[in-house]
Amino acid sequence: MLLVDEGFPPTGMSTSWQELGDLAGCAAKPILRIEETPVDAVGDVVAGARAAGYVALKTIAAYRGGLDIDRMPEPVRDALLMALEANEASGDPLPVQVHTGFGDSDLLLPASRPGLLKPLIERFRDTTFVLLHCYPFVREAGWLAHVYGNVFFDLSLTIPHVARPAAALYEALELAPVSKLLYASDASRTPELYLLAARWWREALAEVLPALLPEADAVRAARMILRENALAVYRLPEPQDIFT
């Protein structure tokens, strides 16, 4: 199953999430990018997102002025708060993915620290936040996942891009329980990244988990990180094996 942020690449430059699932021969589900929704419509769109088939929301506020709610440009702050309020008011809030850590050159790295999200995490306690990417703030993301029940994180964009993926994984699991870490690839424009991310995540897990846990627990932890945590966080049905 693929979970696809439909906000990037832009429409017309990429396949839709439905087409991507068809090409891959598997189920696909969309993720709604908050910043792609007009401000005057964001509350209504978010309120109806789960009914429309979305499995999560996503914000790239880190690219639009940073993650400090008090320093965000007013339109970005207003849209984000309206989205989070409408999501929680729905009574069945979707998980909210947040870009944190490094990205392209139009991002100010110090302003993308996951720790800056603390006020929002505490204000919207019924919302599950999934911190994406996190590098070089992996330990900080792991701390947030450790102390807040509504925080999860992944290492997409970190793995497969860093030279030492196992080192990043060790940092992630210094504080965070294995139930809080999710596999993700962040593959977008480059098809090979789907394969490489999966391969390098598995290789890193095979190195790190046996060093931290007994063998049986390491196998179970790997299944949680690669599959079961995402199924639980995004409330997904068990995907059917396409080969049976």
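When the Cα atoms of segment 93-182 are aligned to their principal axes, the ranges along those axes come out at 36, 31, 20 Å in descending order.
Keeping every protein chain present and rolling a 1.4 Å probe, give me the accessible area per residue for the chain in Å².
On the way: 12120 Å² over 244 residues.
Per residue, the chain has an accessible area of 50 Å².
For the residue pair Leu107 and Ala51, what label-to-label distance in nm results when each label sits 7 Å from Cα along the Cα-to-beta-carbon direction? Here the answer is 3.4 nm between the modelled labels. Ligands, DNA and RNA left out, the 1.4 Å accessible surface of segment 89-244 is 55% carbon and sulfur atoms. If R0 is 30 Å, the Cβ-Cβ spacing of Leu231 and Phe8 corresponds to a FRET efficiency of close to 0.80. Have a look at Val208, Val147, Val178 and tell me which one the Gaussian network model of the chain (Cα, springs below 10 Å) gives the largest fluctuation. Highest fluctuation among the options: Val147. Ligands, DNA and RNA aside, Lys118 has an accessible area near 80 Å² when probed at 1.4 Å. Of the chymotrypsin sites (Phe, Trp or Tyr not before Pro) in segment 159-198, not one is in a loop by DSSP (not H, G, I, E or B) with at most 11 other beta carbons within 10 Å. For the chain, the 222 nm mean residue ellipticity estimated from helices alone, with every DSSP H stretch of n ≥ 4 adding -39500 (n - 2.57) and the total spread over all residues, rounds to -10500 deg cm²/dmol. Exposure here means at most 12 other Cβ atoms within 10 Å; with trypsin sites (Lys or Arg not before Pro) in a DSSP loop as sites, the longest stretch of the chain lacking them is 1-70. Extents of segment 171-244, taken as max minus min of Cα coordinates on every principal axis and listed largest first, are 33, 27, 23 Å.
Each of Gln18 and Glu203 was given a label point 7 Å from its Cα along the Cα-to-Cβ line. The distance between the two points is 3.8 nm. For the chain, the alpha carbon convex hull comes to 128 Å³ per residue, rounded to a whole number.
Relative to its residue count, segment 1-111 spans a Cα convex hull of 113 Å³ per residue. Considering only Asp126, Asp217, Asp104, the Gaussian network model of the chain with Cα springs below 10 Å gives its largest mean-square fluctuation to Asp104. Principal semi-axes of the equivalent ellipsoid, √(5λ) from the alpha carbon gyration tensor of segment 104-145, are 20, 12, 9 Å from largest down.
The values are calculated or read from the model by the stated rules, or taken from the named source; none is laboratory data. Note that this is a predicted model, so its numbers are computed, not measured. Neighbour counts run over all protein chains shown; Cβ positions are idealised from the backbone, glycine included. Accessible surface areas use protein heavy atoms only, side chains included; no ligands, DNA or RNA. Shrake-Rupley method; radii C 1.70, N 1.55, O 1.52, S 1.80 Å.
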